[in-house]
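Peer 1: Pasting a structure here, questions to come.
The values are calculated or read from the model by the stated rules, or taken from the named source; none is laboratory data. Bear in mind that the values here come from a model prediction, so they are computed numbers and not experimental data. Here Cβ is always computed from backbone atoms with ideal geometry, including for glycine, and neighbour counts include all displayed protein chains. All accessible areas refer to the heavy atoms of the entire protein, side chains included, with ligands and DNA or RNA removed. Shrake-Rupley method; radii C 1.70, N 1.55, O 1.52, S 1.80 Å.
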Amino acid sequence: MDFRTSDPPVRTPLRNTMTTGLKIVVVGGFGVGKTTMVRSVSEIRPLSTEETMTQAGLGIDDASGVQTKSTTTVAFDFGRISLNDQMVLYLFGAPGQERFWFLWDRLFSGTLGAVVLVDVRRLADSWYAIDRLEHHGMPFIVARNNFDEPAHPLEKIREALDLSDDVPLIDCDARQRDSSKAVLIALVNHLHALSSARGVTR
Amino acid sequence: MISRRVASENPDRLYTVTGGRSHTDESSMDMVTLIVSECDPTPGMQSEHVKILQMCRQPMAVVEVSSELKLPISVVRILLCDLLDTGRITARHPPKAPAKAQLPNPEILEQVLVGLQNL
Amino acid sequence: MPAHIPVHRRALLVPLAVAIVAGTACVWAVAEAPVEGRTLMAWSLGTAAVLLCAAITFGLYGRQQTQQLRDRLQAMDADVAQLADQTLPALVKRLRDGASVDTALAEVHRPADLAQQRILWTLAQEVGRGDRMRAAAMSACANAAGRVQALATSMLADLREMEDRHDEKVLGDLLRLDHSTAQAGRLADSIAVLTGARSGRRWTKPIVMESIMRGAVGRISAYQRVRVHSASTVAIAGHAAEGVMHALAELMDNATSFSPPSEEVHVYVEEVSTGVVITIEDCGLVMSAVALSRARQAVSSEPLDLTTLSGTRLGLAVVGCLARKHDLTVSFRPSSRGGTGVVVMIPQKLVTQPPPLPAPDPPRPPSVPAARRAPSTAVAAPAPAERVADGDLPRRRRGQTLAAATSTTAAAEPKPPARDRPKPSLSDAGARFSAFRQASRGTGGGATPADTPDVSAEDDTL
């Protein structure tokens, strides 16, 4: 049979040997650099599953200064990293505010852990995400995204965010691949430490 | 934003894509479950099934299929289950989190770590 | 009698001649008579002559009057005939064509007779008013239909967006609303078609056959009973796609309505050299000869006669309008399945190839060593930071944002009792994990379910 529609565009196919899909979620407010971070480490151009908010989105587009629309499309985007021949890691960039709660259950089930990306100028945008992660007991680390020279020592941020001491807090530049990579490694190290500790406490 | 959507919209309502179904019993299909085709499309198949079989010649995660088809994940799950039930695709599920807690086991994490470090 | 002498002069001439002759005869007779009887004779003859003259005058006058009346009557007859046969039909036609009463009156022949003029005027006013009423009613219907169409279109778009963002729990309900909205939209489309308003939405690209079929099936109530058999890959030109879908929907709706609810309706799509043939077959009753001829009339090339509309069944009239608009041919025949088969021929000029798929991204081999890949392009740095003084960082208070958010949500949505709801596995597992973390830390310093306000929907299970 001749399908006149030739094969749909398949982006960077995965190796056939892949067996295991894993996921990590990057949460943060608008314009904080989630997509940038996903893009900097992803082997595919970040794809998006469009989620659209009607109303209730006042001030949603703070970053772009467009506030008049009553409907805003939120791209919950994701990228992909082939870790080895069997394992592929999906990175999801998810808006962290309360009004996107509908994304959470779907995203967080089965997730390894989360990175909370914060922008010091809009620190409050991360509060809901951190509350929720703490509440669900989802392991996470916090990364401060710096476009410029940071103005505050990290300890001030920890204080302001009221983070417990065992939650790693690091600096990063989401535009830099190595920096984003370091954030992911920090998260996995954290998870590994927790996971090993579980073995001990059990 | 509506106008952009309307412009890109098709006349296919979702209930006509799923034949009126809105859920599936297959709950194990995660967003990152990898889908692999086991056969080629046949004539008369609905276009979404054709596209899935073509896209998944190499493994592809459910969320990627959803994004490519521009269909909600719930709808994609129904379509995938049709194909799964007839043996046209296979699904490679992510490791189940240990029952006691949500933490993945250290071996997996170690492999992830190595993979990331090799990036 | 010379024709150029006017009637009233003739009426005078004859009595005058009679008077002269009679007078002369009288004078002569009196002169011949014996002298002693002359006076009496003169009086007698004079009187007789006068009487004769008078009688003749009156006789003649009467005859002429009769003639005159007859002539006038004939002229009036001709006038009335012209009024009835030419003037009035012309007037009504002009009015029906949309001319104003004054224009129409000015354009038709104006009768000389005042009464006829009044008849013409009154009729023009009444016909004009009737037409204005019809036009006003039609335009009100068309306008209302257009607004319902617009509402339905935007509701369908909204619903589609909601379907994107809600999972299985809500999806079923949304799909049901979606289906009802699509049917309401079709009804509005039908009224728009019958009132001559513009049809629903215009598609800016060709629509592939599969979508045409789904678009049609999705607008009818019993869509789950329709089985489409198609391997067609052609598309229908955007400008006609809506009309084609609407016409097919009406025919499929008929087929499902006139066949037993347990039976399926089968739709076959076939590409032929002259276009695309779509056959809709049901296994209901075979149409009666009367019904068949009525159906054929409805979908024929005759323009729609609104007076033939029945209140309840508009479908075929709609199909007729759409068929005429898009040059579709619709025919009926007994179905091999036992009911009625409707064959719709979509002409080749409406058939096109599907729009090309968006160009694929150039594939990138997955095995490229990561380190050698160019660093991704940096995004533009956001607007310069407003320098926050060192101590000015806003402070989070644990759990407060979540509590505030969920309390508003909880207030807005009444929740069923906890035990009636399925256990969300995530929060459940999360809760256990929290407990674990607390244990593993050995201190209660972190956020735990115990010191997090029990507010969110999922928390009932904790």
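Peer 1: Determine the shielding of peptide B:63-70 by partner chains: average, over its residues, the number of Cβ atoms on other chains within 10 angstrom of each Cβ.
Peer 2: 5
Peer 1: Simple spin-label model, 7 Å along Cα-to-Cβ: C:THR274 to C:ARG395 in nm?
Peer 2: Simple spin-label model gives 8.5 nm for this pair.
Peer 1: Next question, about the same structure. With a Förster radius of 51 Å, plug the Cβ-Cβ distance of C:SER100 and C:ARG294 into 1/(1 + (r/R0)^6) and report the FRET value to the nearest 0.05.
Peer 2: For C:SER100 and C:ARG294, the calculated efficiency is 0.85.
Peer 1: Restrict the search to region C:179-225; then list the trypsin sites (Lys or Arg not before Pro) that DSSP places in a loop and that have at most 14 other Cβ atoms within 10 Å of their Cβ.
Peer 2: C:ARG198, C:ARG202
Peer 1: Can I ask one more? For region C:193-267, what is the accessible area per residue in Å² when the probe is 1.4 Å?
Peer 2: 34
Peer 1: Per residue of A:121-132, what is the mean number of Cβ atoms on other protein chains within 10 angstrom of that residue's Cβ?
Peer 2: For peptide A:121-132, the averaged partner shielding equals 6.
Peer 1: Oh, and also: Can you tell me which of A:179-185, C:338-344 comes out highest on packing, and rank the rest after it, using the mean Cβ neighbours within 10 Å?
Peer 2: Result, highest mean first: A:179-185, C:338-344.
Peer 1: I'd like the interface area for chains B and A: accessible area of each alone minus the complex, both sides summed, 1.4 Å probe, protein heavy atoms only. What is it in Å² to the nearest 100?
Peer 2: What B and A bury together is about 4600 Å².
Peer 1: Still on this structure, I have one more. With unit charges on the beta carbons (Lys and Arg positive, Asp and Glu negative) and the dipole taken about the Cα centre of region C:7-95, which residue among C:MET41, C:LEU91, C:ALA54 sits farthest to the positive side?
Peer 2: Comparing the listed Cα positions along the dipole, C:LEU91 ranks first.
Peer 1: Is there a pair in B:LYS51/C:LYS349; A:LYS181/B:LYS70; A:LYS156/B:LYS96; C:LYS169/C:LYS205; C:LYS205/C:LYS349; A:LYS181/C:LYS169 whose C-alpha atoms are over 27 Å apart, and which pairs would that be?
Peer 2: B:LYS51/C:LYS349; A:LYS181/B:LYS70; A:LYS156/B:LYS96; C:LYS169/C:LYS205; A:LYS181/C:LYS169
Peer 1: Using the basic label-point model (7 angstrom from Cα toward the beta carbon), what is the C:ARG324 to C:GLN117 distance in nanometres?
Peer 2: Output for this residue pair reads 4.0 nm.
Peer 1: Whose amide H sits under 5 Å from the amide H of C:THR329, counting only residues 5 or more places off or on another chain, with H placed in the peptide plane?
Peer 2: Amide H neighbours of C:THR329: C:MET345.
Peer 1: Send over the semi-axes of region B:4-117's equivalent ellipsoid, whole angstrom and largest first, taken as the square roots of 5 times the C-alpha gyration tensor eigenvalues.
Peer 2: 29, 16, 15
Peer 1: Then there's this: If you filter region B:17-110 for GluC sites (Glu not before Pro), then keep DSSP loop positions with at most 16 other Cβ within 10 Å, what is left?
Peer 2: Here the GluC sites (Glu not before Pro) that fit, given the DSSP loop and packing criteria, are B:GLU26, B:GLU38.
Peer 1: For B:LEU53, C:LEU187, B:LEU113, C:LEU304, what's the largest-to-smallest order of accessible area, 1.4 Å probe?
Peer 2: My answer, sorted largest first, is C:LEU187, C:LEU304, B:LEU113, B:LEU53.
Peer 1: Could you compute how much accessible area chains A and C hide from each other, both sides summed, with a 1.4 Å probe? Nearest 100 Å² is fine.
Peer 2: The buried area between A and C, both sides summed, comes to about 5700 Å².
Peer 1: Okay, next question. Ordered by packing density, taken as the mean number of other Cβ atoms within 10 Å over each peptide's residues, highest first, how do C:12-20, C:88-96, B:9-17 rank?
Peer 2: Highest-to-lowest ranking by the protection proxy: B:9-17, C:88-96, C:12-20.
Peer 1: Might you work out the accessible area of B:LYS70 for me, using a 1.4 Å probe with all protein chains in place, and round it to the nearest 10 Å²?
Peer 2: Taking all protein chains as shown, B:LYS70 has close to 150 Å².
Peer 1: For Cα pairs less than 8 Å apart in space and 6+ apart in sequence, what is the mean separation divided by the residue count of region C:7-95, i.e. the relative contact order in percent?
Peer 2: Across region C:7-95, relative contact order equals 34 percent.
Peer 1: Using only atoms on other chains, find how many Cβ atoms lie within 10 Å of each Cβ of peptide A:183-194 and report the average.
Peer 2: 5
Peer 1: Can you tell me the order of C:270-281, A:36-47, C:245-256 when each peptide is scored by its average per-residue count of other Cβ atoms within 10 angstrom, highest first?
Peer 2: Top of the packing list down: C:245-256, A:36-47, C:270-281.
Peer 1: Please identify the chymotrypsin sites (Phe, Trp or Tyr not before Pro) of region C:168-270 that satisfy two criteria: DSSP loop assignment and at most 16 other Cβ atoms within 10 Å. Which are they?
Peer 2: When the chymotrypsin sites (Phe, Trp or Tyr not before Pro) of region C:168-270 are filtered for loop state and at most 16 Cβ neighbours within 10 Å, C:PHE258 remain.
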